[in-house]
């Protein structure tokens with residue numbers, strides 16, 4: 001695993017620009033994946049929060065993929081070597097609606113790279129900022145934290161987790177299955193094999209089943225929040241992964257008010273273990 005600080009710092013400040021159309025077909029397919037098909041999203045409708053992750057695909061040939069199914073590193077992202085990749089969390093600001101049917105542009109910038117020694121070996125933390133603009137101007141600023149963990153061959157961490165809060169005001173139960181995970185992988189063009197290749201997830205990465213996508217968990221949490229407070233405008237959302245959710249049992253997404261304009265959010269597995277934390281901030285006055 002590459003951990004030379006000077007070499008890694010060469011990637012800080014790199015940018016990448018992608019254009020995409022916020023195609024209604026992809027948004028409608030996401031609605032079907034979540035069993036939310038009435039009414040179908042149509043051109044001109046505001047794209048639901050975090051659904052911008054369905055667009056701006058990174059498309060490379062199969063020969064350009066790493067062992068895990070992700071594009072090999074060393075292009076836009078730094079060449080950290082053989083490592084296990086995890087989307088650890090994000091901080092997202094919603095500035096204006098992103099409209100279905102519009103053309104949009106995403107500018108990505110590597111903001112920071114830090115190499116550290118962890119309990120299981122070397123870690124590399126990469127923060128990437130994505131700015132998305134649509135027809136109405138800048139719409140989303142999304143700072144993503146990606147963690148690369150040294151591939152020691154020891155499998156996924158088996159550390160015990162922390163219990164989730166039990167005082168949720170809002171709560172939804174989700175029953176994952178391989179079709180749901182396959183569809184989300186397809187809609188985001190995410191080739192990571194832990195989400196659809198059960199033998200790889202268990203035998204190579206050491207999980208007990210398929211892993212529910214962290215971004216999907218975050219999308220479900222923020223969806224809960226906007227359904228809980230439909231009269232307000234979501235202005236910001238952040239999340240942090242705590243522990244993987246496996247597809248072999250239902251999980252819950254939960255929320256409770258933290259003041260007048262903020263909801264505390266979390267996801268818990270079937271054993272009540274905390275798997276993701278989040279926070280959604282709202283503006284008191286709704287916007288059209």
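General remarks:
Rundown of residues vs (1) buried (at least 20 other Cβ atoms within 10 Å of the Cβ); (2) outside the structural domain of residue 217 (by TED's automatic domain parsing); (3) under 17 Å from residue 137 (Cα atoms), yes/no style:
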| site | (1), (2), (3) |
| --- | --- |
| 29 | no, yes, no |
| 32 | no, yes, no |
| 51 | yes, yes, no |
| 72 | no, yes, no |
| 80 | yes, yes, no |
| 93 | no, yes, yes |
| 98 | yes, yes, yes |
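- Search result, residues across segment 1-55 that are assigned to a helix (DSSP H, G or I) and out of contact with any helix residue (DSSP H, G or I) (no Cβ under 7 Å at 6 or more places or on another chain): 5, 6, 7, 8, 9, 24, 25, 28, 31, 32, 52
- Leading residue by the ranking (nearest to the chain's Cα centre (by Cα)) among those in segment 186-203 that are part of a helix (DSSP H, G or I) and crowded, with 19+ Cβ neighbours inside 10 Å: 188
A quick yes/no check of all residues on (1) within 25 Å of residue 36 (Cα to Cα); (2) without any contact (Cβ under 8 Å) to a residue 24 or more places away in the chain:
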residue: 110; (1), (2): no, no
residue: 113; (1), (2): no, no
residue: 124; (1), (2): no, no
residue: 130; (1), (2): no, no
residue: 136; (1), (2): no, no
residue: 145; (1), (2): no, no
residue: 175; (1), (2): yes, no
residue: 179; (1), (2): yes, yes
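- Test: residue in segment 146-153 that is out of contact with any strand residue (DSSP E or B) (no Cβ under 8 Å at 6 or more places or on another chain) and at pLDDT below 95: yes
The values are calculated or read from the model by the stated rules, or taken from the named source; none is laboratory data. All of these numbers come straight from a predicted model, not from anything done at the bench. Here the Cβ is made from the backbone with ideal geometry for all residues, glycine too, and neighbour counts use every protein chain on show.
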